[in-house]
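Undergrad: If you scroll down you'll find the structure; I have some questions about it.
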Amino acid sequence: VLSEVAIKFGVAVNILHGKIEYIGARALGSLVVQLTAPHNPTAVAAAVEHIRQRTAQVEVIRG
């Protein structure tokens with residue numbers, strides 16, 4: 001999904017943190033990424049929406 005987003009929307013994707021936890025026998029993974037597109041301010045919003053449609057949950061943290 002992330003490489004698709006980088007190509008389709010022209011955003012840079014930086015993986016900042018990732019982990020997998022187990023709840024019983026079920027794996028739960030989380031990934032913190034940074035999306036940037038300095039020359040196209042609407043690209044990040046479009047990329048986030050694209051990710052939302054393909055994953056279980058997305059939380060946007062602005063800093």
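Undergrad: Are there any pairs with C-beta distances below 7 angstrom linking a residue in the stretch 49-62 that is free of Cβ contacts under 8 Å to residues at least 24 places away in the same chain to a residue that is not in a loop (DSSP other than H, G, I, E, B), with the two at least 6 apart or on different chains, and if so which?
TA: What qualifies is Val58/Val48; Val58/Ile51; Val58/Arg52; Val60/Val48.
Undergrad: Quick one: is Ile61 modelled with pLDDT of 95 or more and either part of a helix (DSSP H, G or I) or not basic (Lys, Arg) (or both)?
TA: When the stated conditions are applied, Ile61 does not pass them.
Undergrad: Determine, yes or no, whether Ala27 is loosely packed, with under 13 Cβ neighbours inside 10 Å and modelled with pLDDT of 95 or more.
TA: Against the criterion (loosely packed, with under 13 Cβ neighbours inside 10 Å and modelled with pLDDT of 95 or more), Ala27 qualifies.
Undergrad: Does the stretch 36-45 hold any residues that are part of a loop (DSSP other than H, G, I, E, B) and under 14 Å from the mean Cα position of the chain (by Cα), and which are they?
TA: Ala37
Undergrad: For the list (1) surrounded by fewer than 13 Cβ atoms within 10 Å (Cβ to Cβ); (2) at pLDDT 95 or above, I need the number of the one condition that Pro38 fails.
TA: (2) is the only condition that Pro38 fails.
Undergrad: Restricting to the stretch 7-48, what's the tally of residues that are hydrophobic (A, V, I, L, M, F, W, C) and in contact (Cβ under 8 Å) with a residue 40 or more places away in the chain?
TA: So the answer is 2.
Undergrad: From Val48, Val13, Val33, which residue is surrounded by 12 or more Cβ atoms within 10 Å (Cβ to Cβ), modelled with pLDDT of 95 or more and either among the basic types (Lys, Arg) or not in a strand (DSSP E or B) (or both)?
TA: So the residue among Val48, Val13, Val33 that is surrounded by 12 or more Cβ atoms within 10 Å (Cβ to Cβ), modelled with pLDDT of 95 or more and either among the basic types (Lys, Arg) or not in a strand (DSSP E or B) (or both) is Val48.
The values are calculated or read from the model by the stated rules, or taken from the named source; none is laboratory data. Being a predicted model, the structure only gives us computed values, none of them experimental. Neighbour counts are summed over all protein chains in view; Cβ atoms, including those assigned to glycine, are modelled from backbone coordinates with ideal geometry.
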